[in-house]
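Okay, so here's the structure we're looking at.
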Amino acid sequence: MSTDTYSRLVRTAPGAMIARRLGLPRPERLLRREDRPQPVLDPVVVLGRSSGAGTIARLLLDWGADVHRRPDDLQKIGTVVAVLDEVTHPGELGEILLPLAGAMRSLRPGARVVTISRPAGTQDAARDAARGGVEGFVRSLAHEMRRGGTANGILVADEVPLDAPAVVGALRFLLSARSAFVDGQFLHVDAAGTESAHDRPLSGRTALVTGAARGIGAAIARTLHADGARLVLLDVPAAGTELARLANDLRAVPLQLDVTAADAGDRLVTALRQRGLQLDVVVHNAGITRDKLFANMTPERWDPVIGVNIAAPLALHRALLEAGAPGTAEAVLGERPRVVCLASTSGIAGNRGQTNYAASKAGMVAVVRSMAQDLAPFGGTANAVAPGFIETDMTARIPAVQREIARRVNSLQQGGLPVDVAETVAFLASDPAGGLRGDTVRVCGQNIVGK
C-alpha cells in the first residue's frame, strides 16, 4: 500500500529532473523481500583486523557471498560489514572504518552497511570511548547513505561469540531486504540464541496476532504465515468479516474478542485449550489513537487508548503465563515463547497531540523489559517494534501538508509500508532473535527522534 504520489512522480524522468533542479527530495524505491530475495547484496567487503572479522568473512562465504577484505578495485559494492569487536581506543576506529569513506560513491542502490561491535560500560575509559564512538559513526553514516541504502549496527555482549546464532540472525536480517525501512539502528544481542531454518524460520510454530484484521496487523499475519507459522488471528467482533476473510485466506484460526474486556484473558486461554493450541509467538499489535492536544484531553479519549494499547497486553500476558509454565502440558505458551509488542516512535520522542498514545507506547517500550524477564526462565524473550510513519489507512487521514512533512523527515525520505513492520516482527519472533531481550527496534527510516 502506498499513497505517496510525490515519490511516484519523482521516480519518473520528468519528475526527477524537476526535483533535481529545485533541490527537492528524491526518495529511492526501497527493495523488499520479493524484489531482492538473496540474503546479501554482492559484492561484500568485510572490514576489520580481528579474528571476529575473519569469522564473519567465512560466514558470508558460506552463504555464497562474493567476499572481499578491502574495497580497493571494486567498481560497485553491495554490502559492507565493519567488525570492531576488539577496538580498545578511539584512535583505532579510523584504521578500520576509513577505507569505507573512499568507497561510499561505489555503493549500489539499496546497499547495506552494518557494524558489529561490543557495548560500552567496561569501566575502561579508552575502550568505552571507542565502543561508544561506533554508535555515533553509524547513526551519522545512516543520514549520509543514498539511493535506498541503510547503515545499522549490532552490539554484541562481551560473552557472546560473533558466530552465535543470535549474531548471525541479526546480521542476516540487517543485510537482507527485509530490513528495508530499518536505518540508523542497533540490535542488542545479549545471549547466543538458537538456530532455525532460514527459508521458513517459523515452521512448526503457532503465533497469535491481535488487531489482525487489517493494516499492519494483517501484514504481520501474512508475513508470519509466509515464514511458516500457524496462526490464531484475533480482533474485535466489529471487524469480524475482515478477520474471517483473512483467516480463511491464511488457513488461520479466527478469534473475535475485545481485548479490553475484563475476562479477555480467560476467554483467550479457554479458546486455545478448546483447540489444543500452544502459542509460540504472541504479537500484541492491537492499538488505537484518539489524538487531541492535552489541553483538550478528556477521559473519553485518554482511557480507551491506555486500555487497548497497554493495559490489555499486560492483562493478556499475565493470563497466558498464569495458565501454566510455558512448555508444560497445561500451558498455553509453548517452549521458547516469543512476545513482540507494537510500540511507536511517538512513545520514544513524543508527538504533539498524542500524549495519550505516547504514554501507552512508551509504556510498551518499558514493559517488554519486564516481560523478557518473565519469559527468560523458559528460554523466551519479549521485544518491541516502534514504527515511524507507515503508509496505512490511519496515516492517510492526516492532513496533506502534515502527512507530507512526516514522510520526508527521515533518512530515506519516505514513509514505510506495513510489510516493513511485519518483517521486523517476524525476525523478532524467530529463534535466532532469542539473543535480543527487552529491546525496541525502530522501523522508521531513521526518523529524527534520536536513538
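Brief remarks follow.
- Residue list for region 209-230, filter: open to solvent by less than 20 Å² (accessible area, probe 1.4 Å), over 30 Å from W63 (Cα atoms) and touching a helix residue (DSSP H, G or I) at 6+ places or on another chain (Cβ under 8 Å): V209, T210, G211, A212, A213, A218
- Positions within region 431-445 being within 12 Å of the chain's Cα centre (by Cα) and not in a helix (DSSP H, G or I), in sequence order: L436, D439, T440, V441, R442, V443, C444, G445
- Subset of region 259-305 (residues that are among the acidic types (D, E) and crowded, with 18+ Cβ neighbours inside 10 Å): D280
- Qualifying positions in region 377-408 - open to solvent by 50 Å² or more (accessible area, probe 1.4 Å), touching a residue at least 24 places away in the same chain (Cβ under 8 Å) and not acidic (D, E): F378, M394
- Test result for P313, touching an Asp or Glu at 6+ places or on another chain (Cβ under 7 Å), touching a residue at least 24 places away in the same chain (Cβ under 8 Å) and not polar (S, T, N, Q): no
- Of the residues A238, A244, the single one that is open to solvent by 10 Å² or more (accessible area, probe 1.4 Å), of a type outside the set (D, E, K, R), over 19 Å from A429 (Cα atoms) and touching a strand residue (DSSP E or B) at 6+ places or on another chain (Cβ under 7 Å) is A244.
- Looking only at region 151-192, and only at residues there that are in a helix (DSSP H, G or I) and not aliphatic (A, V, I, L, M), the one that is surrounded by the most Cβ atoms within 10 Å (Cβ to Cβ): G169
- S117 being farther than 28 Å from V281 by Cα and either open to solvent by less than 20 Å² (accessible area, probe 1.4 Å) or modelled with pLDDT of 95 or more (or both): yes
- Subset tally (residues that are touching a Leu at 6+ places or on another chain (Cβ under 8 Å) and of a type outside the set (S, T, Y)) for region 110-130: 9
- Unmet criterion (only one of (1) assigned to a loop (DSSP other than H, G, I, E, B); (2) more than 30 Å from E159 (Cβ to Cβ); (3) of a type outside the set (S, T, Y)) for L224: (1)
The values are calculated or read from the model by the stated rules, or taken from the named source; none is laboratory data. Predicted, not measured: the structure shown is a model, and the values here were computed from it. Positions of Cβ are generated from backbone atoms using ideal geometry, with glycine treated the same way; all protein chains shown enter the neighbour counts. SASA here: full protein model, heavy atoms, side chains in, ligands and nucleic acids out. Shrake-Rupley method; radii C 1.70, N 1.55, O 1.52, S 1.80 Å.
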